[in-house]
Amino acid sequence: MRVRIFTPGAELPMAGHPTIGTTFALARTGVLAPGRDRVVFGLGVGPTPVTMTWENRELSFAWMAQPRPVFSEPIVDRACAAAVLGLPTAALVETMPVQVVSCGLPYVLVPLVSRAAVDSAVIDRPAYDRLLNGAAVDANGVFLFSTEPATDTATAYSRMFAPVIGVLEDPATGSASGPLGCYLVRHHVVSRERAGTMLSLQGVKMGRPSHIHISIGVDGDDIRSVRVGGASVLAGEGTLYIP
């Protein structure tokens with residue numbers, strides 16, 4: 001099936017949240033029959049396999065495959081990266097780089113020392129433009145996260161801002177979660193043994209908490225596969241009549 005994805009400001013070659021949501025919508029309408037275990041969507045990045053798990057003839061979970069990661073060189077201007085988020089430089093984790101990573105869409109990944117710092121961030125668009133121009137990189141948005149432990153089971157606590165494409169903040173960003181998982185594995189924040197069972201908790205600050213599952217397949221130091229998955233919740237439905 002051919003699938004196209006639009007934000008208020010741009011058409012995207014791929015995205016995670018809409019891909020998983022489309023899978024659940026097609027299952028609800030019966031286009032995807034109960035028990036079917038795989039579908040391939042034709043996204044802008046090419047054929048994108050989605051695997052499905054069912055319970056009592058209802059779709060319960062879906063995984064989408066993403067391209068293998070592309071890492072930029074670390075961004076050296078950490079003060080500007082902090083300014084993008086309205087935070088002091090001390091809010092950034094000293095031992096982890098600010099870096100653009102892409103699994104189909106590039107994002108600036110910014111590691112922060114605490115969940116409180118993640119919640120305190122406010123996007124500064126001029127600083128964001130300066131950061132990208134100064135580093136000579138392109139990015140779809142800025143993805144900020146903390147691996148600070150908490151009582152939940154999340155590997156990372158995250159938010160995503162993408163003002164360039166008309167998204168002030170996104171409650172769930174699958175296209176950034178693949179890069180997040182690859183980043184955490186590449187920089188040894190998450191061990192190879194745990195690479196297949198990561199969880200990003202996003203959207204809490206917006207009042208729309210989203211649980212995004214991440215599975216990175218590794219062979220030694222080589223990342224061989226990237227999958228992002230989850231479940232969708234029906235928010236509404238209707239019928240559009242076109243004369």
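Regarding VAL164, is this residue in a helix (DSSP H, G or I), closer than 22 Å to VAL70 by Cβ and at pLDDT below 95? Criteria met by VAL164.
This table checks each residue for (1) of a type in the set (Phe, Trp, Tyr); (2) at pLDDT 95 or above; (3) in a helix (DSSP H, G or I); (4) exposed (fewer than 13 other Cβ atoms within 10 Å of the Cβ).
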{"residue": "PRO8", "(1), (2), (3), (4)": "no, no, no, yes"}
{"residue": "MET14", "(1), (2), (3), (4)": "no, yes, no, no"}
{"residue": "THR22", "(1), (2), (3), (4)": "no, yes, yes, no"}
{"residue": "ALA33", "(1), (2), (3), (4)": "no, yes, no, yes"}
{"residue": "ARG36", "(1), (2), (3), (4)": "no, yes, no, no"}
{"residue": "VAL39", "(1), (2), (3), (4)": "no, yes, no, no"}
{"residue": "PRO47", "(1), (2), (3), (4)": "no, yes, no, yes"}
{"residue": "VAL50", "(1), (2), (3), (4)": "no, yes, no, no"}
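Output the residues belonging to segment 130-146 that are touching a helix residue (DSSP H, G or I) at 6+ places or on another chain (Cβ under 9 Å), surrounded by fewer than 20 Cβ atoms within 10 Å (Cβ to Cβ) and not hydrophobic (A, V, I, L, M, F, W, C). Within segment 130-146, ARG130, GLY134, ASP138 qualify.
If you go through segment 14-53 and pick out every residue that is more than 21 Å from ILE214 (Cβ to Cβ) and in contact with a helix residue (DSSP H, G or I) (Cβ under 7 Å, 6 or more places away or on another chain), you end up with 1.
Within segment 148-159, the residues that satisfy the criterion of being buried (at least 19 other Cβ atoms within 10 Å of the Cβ) and either within 11 Å of VAL118 (Cβ to Cβ) or charged (D, E, K, R) (or both) are ALA156, TYR157, SER158, ARG159. Applying the condition of being touching a Lys or Arg at 6+ places or on another chain (Cβ under 9 Å) and outside any strand (DSSP E or B) to segment 55-84 and asking which residue is surrounded by the fewest Cβ atoms within 10 Å (Cβ to Cβ) yields ASP77.
Taking segment 54-77 as the range and being in contact with a helix residue (DSSP H, G or I) (Cβ under 6 Å, 6 or more places away or on another chain) and either of a type in the set (D, E, K, R) or farther than 24 Å from LEU43 by Cα (or both) as the test, the residues that pass are ILE75, ASP77.
Taking each residue of segment 158-184 that is closer than 16 Å to ILE20 by Cβ and among the charged types (D, E, K, R) and looking for partners that are at pLDDT 95 or above and in a loop (DSSP other than H, G, I, E, B) with beta-carbon atoms closer than 8 Å, six or more apart or interchain, yields ASP170/GLY203. Taking the criterion of being in a helix (DSSP H, G or I) and in contact with a strand residue (DSSP E or B) (Cβ under 6 Å, 6 or more places away or on another chain), the only residue of segment 132-161 that qualifies is ALA135.
The values are calculated or read from the model by the stated rules, or taken from the named source; none is laboratory data. This structure is a prediction, so every number in the text was calculated from the model and none was measured. Note: ideal-geometry Cβ built from the backbone for every residue, glycine included; neighbour counts use all protein chains shown.
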